[in-house]
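Chemist: Here it is: the structure, laid out below.
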Amino acid sequence: MEQNEYNRPEEETSLPENRKSDRKFLKGAVTGAAVVLIAVVCVLGGGKLLRYFITGGSYASGSVSEEDVNDKLDLINALIDRYYLYEDEVDADALVEGIYSGYASALGDPYTEYYDKEEAQALLENTNGEFSGIGATLTQASGDTGVTIVNVYKDSPADKAGLKAGDILYQVDDHEVAGEDLETVVSWVKGETGTEVTLKVRRGGEELTVTAVRDTIEVQTVEYEMKEDNIGYLSVSEFDKVTYDQFSEALDSLEEQGMEGLVIDLRNNPGGNLDTVTDMLRLLLPKGTIVSIKDKDGNTEELTCDGEHEFTKPLAVLVNQYSASASEIFSGAVQDYGTGQIVGVTTYGKGVVQQLTDLGDGTYLKLTIAEYYTPSGRSINGIGVEPDVEVEYKYDENDPDADNQLDRAIEVVRNEME
């Protein structure tokens, strides 16, 4: 994750910071992108796993040699060959992937992860905010075998094909949906841009067959509207590469509508791209440091703002316990400069940066490489950003759409407008 970075509801995109610098940080998806070779794995002898080599011939502890590891893997492999009951089900490739995944997870860092090719593709789609598909969000109720279309993106292939929210999907090309999990159905719907997919749906008592031409779809990560008293409301679900343009357009639109105050909602936003969140903050902050990043050697990089677009109207940023990482960079900077008030509850507390490394074969390693600090020098790792105005969310069973946290944020902005 970027604290469950890919925690988006299941949809077409699912399974679920890029500027070059002479410094240590090359930021891309998550907070970095660089190509380094840290390990070499060899599979020898009829697809059987026999040898595992680490460049340099030793491990960080210094107590286990390359030869020790190779010998033990040979022994394990021999025991599997001789005694394992389900021999016909052994997947040698999965065993190799298991070594990589286990090696990374053994660090005990919840944010360091190894991604195989399929997982890496989904990860990159997620952080880019673009994917090849038809632009329809799918859902499957727990224990249900049916798949429902719950959202159709405007002007998407799904929209042009005539699909509507509420349609029950029961067949994709020649594949029957009944009995399949959502992940499988999603994989059938997705595909290369320009290719066709035939979908059969039930709408009321009618059965329809439509054909959609897959295209590149941009995920809508920003939603906005004008509330009463000319208070703008802008919700950011995550910080993908597409988010900056959506955020900038939303701000411009609200300004054109006569916005006098603004609420930015970052609740449940797990984070994302560092360049994206810093670019967005450059539309709000005064001149100065946005965030500083320090690596294990003490090298520090500061990302700054020129202050040319400082936002001077009343502002509240709404957060909760699931607002993490880039959301905390955003709310922490706004709080430090006094640009706005933070409303809600203390955020998640993920104050570390991950570098996403291409291992050269379509697989990736996401590795924690640095800690970040707010403009005032605060580390929020394991602490979070405490709100200026604390308000817990209270569910109203008589009015499920009621949102007491949002109401309080709007009240904070309105009071500053008076």
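Chemist: Can you confirm whether region 283-291 contains a residue that is out of contact with any Leu (no Cβ under 9 Å at 6 or more places or on another chain), hydrophobic (A, V, I, L, M, F, W, C), surrounded by fewer than 20 Cβ atoms within 10 Å (Cβ to Cβ) and at negative phi? Full working, then the answer.
Modeler: Residues of region 283-291 that are out of contact with any Leu (no Cβ under 9 Å at 6 or more places or on another chain), as a first pass: 285-288.
Among the residues that remain, those that are also hydrophobic (A, V, I, L, M, F, W, C) are: 285.
Pick out the ones that are also surrounded by fewer than 20 Cβ atoms within 10 Å (Cβ to Cβ) and you get none.
No - not one qualifying residue is present in region 283-291.
Chemist: On to the next question. Open to solvent by 50 Å² or more (accessible area, probe 1.4 Å), at negative phi and part of a loop (DSSP other than H, G, I, E, B) - does that describe any residue in region 360-368? It would help to see each step written out before you state the result.
Modeler: Narrowing region 360-368 to residues open to solvent by 50 Å² or more (accessible area, probe 1.4 Å): 360-361, 367.
Then keep just the ones that are at negative phi; that gives 361, 367.
So of that shortlist, the ones also part of a loop (DSSP other than H, G, I, E, B) come out as 361.
Yes, there is a match, as at least one residue in region 360-368 is open to solvent by 50 Å² or more (accessible area, probe 1.4 Å), at negative phi and part of a loop (DSSP other than H, G, I, E, B).
Chemist: Find the residue count for region 257-292, including only residues that are within 18 Å of Val343 (Cβ to Cβ), part of a strand (DSSP E or B) and touching a helix residue (DSSP H, G or I) at 6+ places or on another chain (Cβ under 6 Å).
Modeler: Residues in region 257-292 being within 18 Å of Val343 (Cβ to Cβ), part of a strand (DSSP E or B) and touching a helix residue (DSSP H, G or I) at 6+ places or on another chain (Cβ under 6 Å): 2 in total.
Chemist: Separate question: Specify the residue that is nearest to the chain's Cα centre (by Cα); the eligible residues are those in region 254-275 that are over 22 Å from Asp403 (Cβ atoms) and open to solvent by 10 Å² or more (accessible area, probe 1.4 Å). Before you say what the answer is, go through the steps one by one.
Modeler: Of region 254-275, the ones over 22 Å from Asp403 (Cβ atoms) are 255-256, 258, 271-275.
Cutting the leftovers down to open to solvent by 10 Å² or more (accessible area, probe 1.4 Å) gives us 255-256, 258, 275.
Working: Glu255: 29, Glu256: 31, Gly258: 33, Asp275: 14 Å.
Result: Asp275.
Chemist: Turning to a different aspect of this structure: State which residue is most open to solvent (accessible area, probe 1.4 Å) when the search covers only region 225-252 and only residues that are assigned to a strand (DSSP E or B) and over 26 Å from Leu124 (Cα atoms). Steps first, answer last, please.
Modeler: The first filter runs over region 225-252 and keeps only residues assigned to a strand (DSSP E or B), leaving 225-227, 231-236, 239.
Then keep just the ones that are over 26 Å from Leu124 (Cα atoms); that gives 225-227, 231-233.
On the way: Glu225: 87, Met226: 47, Lys227: 58, Ile231: 1, Gly232: 1, Tyr233: 32 Å².
So, considering only residues that are assigned to a strand (DSSP E or B) and over 26 Å from Leu124 (Cα atoms), the one most open to solvent (accessible area, probe 1.4 Å) is Glu225.
Chemist: Right, next: Does any residue in region 196-224 that is over 11 Å from Asp173 (Cβ atoms) come within less than 7 Å, Cβ to Cβ, of a residue that is assigned to a strand (DSSP E or B) and of a type in the set (Phe, Trp, Tyr) six or more places away or on a different chain, and which pairs are these?
Modeler: Note: pairs meeting the criteria are Val201/Tyr170; Arg202/Tyr170; Ile217/Phe131; Tyr224/Tyr233.
Chemist: May I pose another question? Do you know which residues across region 381-400 are open to solvent by less than 70 Å² (accessible area, probe 1.4 Å), of a type in the set (D, E, K, R) and closer than 30 Å to Asp109 by Cβ?
Modeler: Within region 381-400, no residue meets the criteria.
Chemist: Being closer than 14 Å to Val277 by Cβ and either among the basic types (Lys, Arg) or surrounded by fewer than 24 Cβ atoms within 10 Å (Cβ to Cβ) (or both) is the filter here, so list the residues in region 315-350 that pass it. Let's see the steps before the verdict.
Modeler: Of all residues in region 315-350, those closer than 14 Å to Val277 by Cβ come to 317, 319, 323-334, 347, 350.
Correct list: Lys350 only.
Chemist: Let me ask you something else. Restricting to region 215-224, and then to whatever is open to solvent by 60 Å² or more (accessible area, probe 1.4 Å) and in a strand (DSSP E or B), can you tell me which residue is farthest from Ala158 (Cα to Cα)? If you could, list the steps in order and put the result at the bottom.
Modeler: In the first step, residues of region 215-224 are kept if they are open to solvent by 60 Å² or more (accessible area, probe 1.4 Å); the result is 215-216, 218, 220, 223-224.
With in a strand (DSSP E or B) added as a condition, the list becomes 215-216, 218, 223-224.
On the way: Asp215: 10, Thr216: 12, Glu218: 13, Glu223: 20, Tyr224: 23 Å.
Across region 215-224, the extreme among qualifying residues is Tyr224.
The values are calculated or read from the model by the stated rules, or taken from the named source; none is laboratory data. Just so you know, these numbers come straight off a predicted model, no measurement behind them. Cβ sites come from the backbone with ideal geometry, for glycine too, and all protein chains shown count toward neighbours. Heavy atoms of the whole protein, side chains included, go into the accessibility calculation; ligands, DNA and RNA do not. Shrake-Rupley method; radii C 1.70, N 1.55, O 1.52, S 1.80 Å.
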